[in-house]
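Notes follow the structure.
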Amino acid sequence: GIPMEIIVGKMFKLEIWETLLSSMRAGEVAEFWCDAIHTGMYALVSRGMRRIAEGRDPLEGQKHRCGMGNMFDYHSTGYDDLDELQRTPQPLIFIMELFRVEEPSAYKRDTWAMSKEEKLAAVPVLHSEGNRLVLRKEFGQAAEKYQEAVICLRNLQAKEKPWEDGWLKLESLVTPLVLNYCQCQLELGEYYEVLEHTTELLQKHNDNAKAYFKRAKAHAAVWNEREAREDFLRVAHLDPSMAAAVKKELKQLGERMRKKHMEDRKRYQGLF
């Protein structure tokens, strides 16, 4: 449901599309038959577009190599019909509608269309916009800004070797953005989303007290008492300056759990 943007001259994987679109007028719908010699990369292009449509990162799970190299690693695009097309390339028919043509730099680029320098420049801007939205308590929009900044950095990380200097430098920028994103999700009541992202973060950085704190609050919200207590105590051990906050959270957790047990007891007494 979202129009695709192609920047002509930027070596899009399916080069024939640039040729086709350049022959069209704005508002026109056209059908093109393309020989297999021009469609060999379609499976990889379609895989990326499908992942975007599913709300996933098109580079998710890729190793530090080109798209074709990743194909050799995993032996699949993740979609049966595309795998078959990859095995037996064939002519394809493309039906295209050209919505509009814009001058270079006349629009806000999606992160995938940005150069490395543009992505790095966009990150602090997105971070600042997210912070401003948080102050206005617009947590959903703020989370989107933080997430967009993380995607920029993850795309850059995919081109670096894990745990080497370039990768680590980018990771240091990712961590506070993920924590800010998780705080927004806590405010929105998306507790399982917080559990997922903080756990992933702690698998890489098991000494991050703030990540444990946010995960503990999420555990407490979904009644995982033991896990919440363990995470809160880990926070106090890692960062003694947070001991007072941990004590307050543990007290609130105890009160909530006692209240829940009393309500459960009354409910079960009524059943029997």
Apart from one, (1) surrounded by 12 or more Cβ atoms within 10 Å (Cβ to Cβ); (2) modelled with pLDDT of 90 or more; (3) of a type in the set (A, V, I, L, M, F, W, C) all hold for ALA113; the odd one out is (2)
Residues located in the range 127-147, provided they are open to solvent by 50 Å² or more (accessible area, probe 1.4 Å) and closer than 15 Å to HIS197 by Cβ: GLU144, GLN147
Of the candidates ALA236, ALA216, the one satisfying the condition of being in a helix (DSSP H, G or I) and closer than 29 Å to LYS145 by Cα is ALA216
Every residue in the range 40-78 that is surrounded by fewer than 16 Cβ atoms within 10 Å (Cβ to Cβ), of a type in the set (A, V, I, L, M, F, W, C) and at pLDDT below 65, please. CYS66, MET68, PHE72
Which one of LEU168, LEU202, LEU188, LEU153 is surrounded by 18 or more Cβ atoms within 10 Å (Cβ to Cβ) and not acidic (Asp, Glu)? LEU153
What number of residues in the range 10-38 are open to solvent by less than 60 Å² (accessible area, probe 1.4 Å) and modelled with pLDDT under 90? 2
Among GLU160, GLU144, the single one that is over 13 Å from GLN183 (Cα atoms) and of a type outside the set (A, V, I, L, M, F, W, C) is GLU160
Can you run down the residue pairs with Cβ atoms below 8 Å, 6 or more apart or on separate chains, where the first is in the range 115-126 and within 10 Å of GLU148 (Cα to Cα) and in the same structural domain as GLN147 (by the TED database) and the partner is of a type in the set (A, V, I, L, M) and open to solvent by 50 Å² or more (accessible area, probe 1.4 Å)? VAL123/LEU173
Please work out if ARG215 is surrounded by fewer than 21 Cβ atoms within 10 Å (Cβ to Cβ) and among the basic types (Lys, Arg). no
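The values are calculated or read from the model by the stated rules, or taken from the named source; none is laboratory data. A quick note: this is a predicted structure, and the numbers were derived from the prediction, not measured. As a convention, Cβ positions derive from the backbone with ideal geometry for all residues, glycine included, and neighbour counts pool all protein chains shown. For the accessible areas, the whole protein counts, side chains as well, though only heavy atoms, and no ligand, DNA or RNA atoms are used. Shrake-Rupley method; radii C 1.70, N 1.55, O 1.52, S 1.80 Å.
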